[in-house]
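The values are calculated or read from the model by the stated rules, or taken from the named source; none is laboratory data. In this text the structure is predicted, and so the values were computed from the model without any measurement. Because the Cβ atoms are built from the backbone with ideal geometry, glycine has one as well, and the counts that use them run over all protein chains shown. Only protein heavy atoms, including side chains, enter the accessible area calculation; ligands, DNA and RNA are left aside. Shrake-Rupley method; radii C 1.70, N 1.55, O 1.52, S 1.80 Å.
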Amino acid sequence: MKTLDIDFVRAQFPAFAEPSLAGQAFFENAGGSYTCAPVIARLERYYRQRKVQPYAPYAASQLAGAEMDEARARLAELMGVATDELSFGPSTSANTYVLAQAFRQWMEPGDAVIVTNQDHEANSGPWRRLAEAGFEVREWQIDPESGLLDPADLENLLDERVRLVCFPHCSNVVGEINDVAGIVDVARAAGVRTCVDGVSYAPHGFADVGALGCDVYLFSAYKTYGPHQGIMVIREDFGQALPNQGHHFNGGTLYKRFTPAGPDHAQVAACAGMADYIEALSAHHGGPAGGAGAARHAHDVMRAQEVAVLQPLLDYLAARNDLRLIGPRRAAGRAPTVAVELRGPGEEAARALAAHGIMAGGGNFYAQRPLGAMGIDTEKGVLRLSFVHYTTRAEVDALIAALDQVL
Ligand SMILES: Cc1ncc(COP(=O)(O)O)c(C=O)c1O
């Protein structure tokens, strides 16, 4: 496999050529990534040339509708699912909320769901609210030291009453990449559906949802080089079984069943630019130019770069005795989303880093449950240092030098 061509990559992101951002290294990617050039170009083209009601008979409208369809079809192909199994919503939080309403109507008295305390609140709170309707909510708990989920604990929670397990592909503060396929196998053997929050994983490589086998997979385009959209994959059989949450006359169309809000046409269309980028990345590094193979190849190239650049940061943080490094200390198997507990508030450290040209964030990142379970004061929060494949070793060195000054 070719190693990542970092110059090629950074040339795809206008932020790296933006004078107002020059000299600053970006380490809050888990909050929202930079946007790739094809997405920006499509967004601008849409607003200039196609900003009309889509799917009408005139040319501009036809182009608008076709580009929205293209986005869904190409992203679905990258993720190994059928076009109608992928839908867009305002955000992952909104998508999960709608899905949980459908689930509430579908469940029967005595049913139970399993949630984790490793998840971001988006894949936790909406499901926990099922308790208000009388359903049992069971919690799959992390180890309070490591922050990790043990699949053996899940097996102990499963029985014939459980209908759904919700869990993250990767937590936005622990960073460990969960074995989605393995967890799905355990759930499926018990006849239980699965809902995976892929938000913290997708920027490090599009998931092959067909291969993972989960029933629902959610992620956020604005953290994955795209515009501010939530993307939801829901497999056909499950999507048809759950009650329609859209307009009654749209219930026959799978991708409209769980997106009651009118879509943001321009942003949906611009999401095709995410596919442009991933496919170009694959092709540039000797992989296929399209489809799930391109996503897999791009994923592997991106991950290799991330792992190489992450390990020195983990080694540096692990060697300090004035902080607590959250999550695994080995780069392979974890995302470059690194939270550290400091003596003082995480946000204070982030502010100090800003003066050294480091853009980072502090707080609890809506991960109150995992942080609380690990004994961390959620008001104090953590400093989070998160990056993706476009981050260079030099930027990580600059971060380490800045941490030396600030901590
Ligand atoms: C892991 C994780 N899940 C879900 C969300 C919610 O995504 P959205 O902002 O699209 O609602 C976030 C956002 O930070 C996240 O980090």
- Of those in the stretch 342-380 that are closer than 13 Å to Leu403 by Cα and not in a helix (DSSP H, G or I), the residue nearest to the chain's Cα centre (by Cα) is Ala360
- Task: Considering only the stretch 1-34, state which residues are in contact with a strand residue (DSSP E or B) (Cβ under 7 Å, 6 or more places away or on another chain) and without any contact (Cβ under 8 Å) to a residue 60 or more places away in the chain.
- Result: none
- Tell me which residues, restricted to the stretch 112-128, are among the β-branched types (Val, Ile, Thr) and either in contact with a Gly (Cβ under 9 Å, 6 or more places away or on another chain) or within 16 Å of the ligand (Cβ to nearest atom) (or both). Val115, Thr116
- Give Ala261, Ala304, Ala266, Ala298 a once-over and let me know the one that is outside any strand (DSSP E or B), touching a Ser or Thr at 6+ places or on another chain (Cβ under 6 Å) and in contact (Cβ under 8 Å) with a residue 60 or more places away in the chain. Ala298
- Message: Among the residues that make up the stretch 115-125, is at least one of them surrounded by fewer than 22 Cβ atoms within 10 Å (Cβ to Cβ), at pLDDT 95 or above, within 18 Å of the chain's Cα centre (by Cα) and part of a loop (DSSP other than H, G, I, E, B)?
- Response: yes
- So Met359 clears everything in (1) touching a residue at least 24 places away in the same chain (Cβ under 8 Å); (2) away from the ligand (no atom under 14 Å from the Cβ); (3) farther than 17 Å from Gly32 by Cβ except one condition, right? Which one? (3)
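Okay, residues lined up against (1) over 22 Å from the mean Cα position of the chain (by Cα); (2) hydrophobic (A, V, I, L, M, F, W, C); (3) open to solvent by 40 Å² or more (accessible area, probe 1.4 Å); (4) within 30 Å of Cys170 (Cβ to Cβ):
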position: Thr3; (1), (2), (3), (4): yes, no, yes, yes
position: Leu21; (1), (2), (3), (4): yes, yes, yes, yes
position: Ser33; (1), (2), (3), (4): no, no, no, yes
position: Cys36; (1), (2), (3), (4): no, yes, no, yes
position: Tyr47; (1), (2), (3), (4): yes, no, yes, no
position: Arg50; (1), (2), (3), (4): yes, no, no, no
position: Gln53; (1), (2), (3), (4): yes, no, yes, no
position: Tyr58; (1), (2), (3), (4): yes, no, yes, no
- Message: Can you tell me which of (1) open to solvent by 10 Å² or more (accessible area, probe 1.4 Å); (2) of a type in the set (A, V, I, L, M, F, W, C); (3) more than 10 Å from the chain's Cα centre (by Cα) is the one Val184 doesn't meet?
- Response: (1)
- Restricting the search to the stretch 67-97, which residues are of a type in the set (Val, Ile, Thr), assigned to a helix (DSSP H, G or I) and surrounded by fewer than 23 Cβ atoms within 10 Å (Cβ to Cβ)? Thr83
- Query: Based on what the data block shows, is Leu314 under 23 Å from Gly333 (Cβ atoms) and surrounded by 23 or more Cβ atoms within 10 Å (Cβ to Cβ)?
  - Reply: no
- Does the stretch 211-223 contain at least one residue that is over 24 Å from Gln368 (Cα atoms), open to solvent by 10 Å² or more (accessible area, probe 1.4 Å), of a type outside the set (Gly, Ala, Ser) and away from the ligand (no atom under 13 Å from the Cβ)? yes
- Message: Ala60 - would you say it is hydrophobic (A, V, I, L, M, F, W, C) and not in a loop (DSSP other than H, G, I, E, B)?
- Response: yes
- Query: Which of the residues belonging to the stretch 129-149 are open to solvent by 20 Å² or more (accessible area, probe 1.4 Å), touching a helix residue (DSSP H, G or I) at 6+ places or on another chain (Cβ under 9 Å) and either within 15 Å of the ligand (Cβ to nearest atom) or in contact (Cβ under 8 Å) with a residue 60 or more places away in the chain (or both)?
  - Reply: Gln141, Pro144, Leu149
- Note on the structure: For the stretch 7-47 the number of residues that are touching a helix residue (DSSP H, G or I) at 6+ places or on another chain (Cβ under 7 Å) and among the basic types (Lys, Arg) is 2
- Quick one: which of Ala221, Ala202, Ala270 is touching a Cys at 6+ places or on another chain (Cβ under 7 Å), within 15 Å of Thr35 (Cα to Cα), modelled with pLDDT of 95 or more and aliphatic (A, V, I, L, M)? Ala221
- Six or more apart or on different chains, Cβ under 9 Å: which pairs go from a residue in the stretch 171-193 that's on the phi > 0 side of the Ramachandran plot to one that's among the hydroxyl-bearing types (Ser, Thr, Tyr) and open to solvent by 10 Å² or more (accessible area, probe 1.4 Å)? Could you list them? Gly175/Ser200
- Task: Give the residue that is surrounded by the fewest Cβ atoms within 10 Å (Cβ to Cβ), with candidates limited to residues of the stretch 381-399 that are part of a loop (DSSP other than H, G, I, E, B) and among the hydrophobic types (A, V, I, L, M, F, W, C).
- Result: Val388
- Does at least one position in the stretch 308-323 carry a residue that is within 25 Å of the chain's Cα centre (by Cα), in a helix (DSSP H, G or I), under 24 Å from Val9 (Cβ atoms) and among the β-branched types (Val, Ile, Thr)? yes
- For the stretch 361-379, indicate whether the set of residues that are of a type in the set (Val, Ile, Thr) and within 20 Å of Pro328 (Cβ to Cβ) is non-empty. yes
